[in-house]
1. Can you pull out every residue in segment 76-85 that is surrounded by fewer than 17 Cβ atoms within 10 Å (Cβ to Cβ) and more than 21 Å from S6 (Cβ to Cβ)?
2. Taking segment 41-75 only, how many residues are surrounded by fewer than 24 Cβ atoms within 10 Å (Cβ to Cβ), touching a residue at least 40 places away in the same chain (Cβ under 8 Å), part of a strand (DSSP E or B) and in contact with a helix residue (DSSP H, G or I) (Cβ under 9 Å, 6 or more places away or on another chain)?
3. In segment 101-115, which residues are open to solvent by less than 10 Å² (accessible area, probe 1.4 Å) and assigned to a loop (DSSP other than H, G, I, E, B)?
4. Test N88 against the criterion of being among the polar types (S, T, N, Q), surrounded by fewer than 18 Cβ atoms within 10 Å (Cβ to Cβ) and in contact (Cβ under 8 Å) with a residue 12 or more places away in the chain, and give yes or no.
5. Confirm whether C118 is out of contact with any Gly (no Cβ under 9 Å at 6 or more places or on another chain), open to solvent by less than 20 Å² (accessible area, probe 1.4 Å), closer than 20 Å to H45 by Cα and touching a residue at least 40 places away in the same chain (Cβ under 8 Å).
6. Inspect all residues belonging to segment 132-143 and state whether any of them is touching a Pro at 6+ places or on another chain (Cβ under 6 Å) and either without any contact (Cβ under 8 Å) to a residue 12 or more places away in the chain or on the phi > 0 side of the Ramachandran plot (or both).
7. Scan segment 135-182 for residues that are under 23 Å from G67 (Cα atoms), open to solvent by 30 Å² or more (accessible area, probe 1.4 Å), not small (G, A, S) and not in a helix (DSSP H, G or I) and report the count.
8. Please enumerate the residues belonging to segment 1-40 that are outside any loop (DSSP other than H, G, I, E, B), under 21 Å from D126 (Cα atoms) and touching a Leu at 6+ places or on another chain (Cβ under 9 Å).
Amino acid sequence: MAETPSTMINLGTPIPAFTLNDCHGNEWTKSSDAGGTLVIFMCNHCPFVVHIANVLPCIHEACTEAGIQMVGINSNDIENYPADSPENMIKTAEENNWTFPYLFDADQSVAKAFDAACTPDVFLYDHSGNLFYRGQFDETRPSCGTESDGKDLLEAIKFLKSGYPAPEHQKPAIGCNIKWKP
């Protein structure tokens, strides 16, 4: 597993417009009346995503309480990585009790529009659609022997909900690179 950092695009960057289908074929588009939007680029097989999988329902609950919509996006090349297929997305979501939309970016255009680099790659936007937080989920990693708690992301959600400025110290996410098509 090659550790890849997120690109850390500039705070304030507007959210790219996109519409994708979830793993059941239902279309999803950003809601204009949400208090913010959390986008996490993720997949089924990445050890970094597996490491945070059981915390994602708590993140979704925190988002729901804050009026923030949350989506996961899988942009991996499923021809070379069939474990990330939409069929396996359904199984992974069920196994991990993910009730947030888990979207499939088949042509990888959405990942490119976000400048996403790794899984998980976290982007939290405010109610105006401007980037508020990007970076790591928390300090833990699959090899550290410590369970994930989502501390960094939960703090950013709390700051956004409370009207505080964005957290000052935002560290890059670390994960597996997105599996780009040749």
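The values are calculated or read from the model by the stated rules, or taken from the named source; none is laboratory data. Bear in mind that the values here come from a model prediction, so they are computed numbers and not experimental data. Using ideal geometry, Cβ is built from the backbone for each residue, glycine included, and neighbour counts are taken over all protein chains shown. Heads up: the accessible areas ignore ligands, DNA and RNA and are worked out on the full protein's heavy atoms, side chains in. Shrake-Rupley method; radii C 1.70, N 1.55, O 1.52, S 1.80 Å.
1. Passing the criteria: E79, N80, P82, A83.
2. Number satisfying all stated conditions: 1.
3. Those that are open to solvent by less than 10 Å² (accessible area, probe 1.4 Å) and assigned to a loop (DSSP other than H, G, I, E, B): D105, Q108.
4. Spelling it out, it is not the case that N88 is among the polar types (S, T, N, Q), surrounded by fewer than 18 Cβ atoms within 10 Å (Cβ to Cβ) and in contact (Cβ under 8 Å) with a residue 12 or more places away in the chain.
5. no
6. For segment 132-143, residues touching a Pro at 6+ places or on another chain (Cβ under 6 Å) and either without any contact (Cβ under 8 Å) to a residue 12 or more places away in the chain or on the phi > 0 side of the Ramachandran plot (or both): present.
7. 4
8. P14, L20, W28, T29, G36, T37, L38, V39, I40
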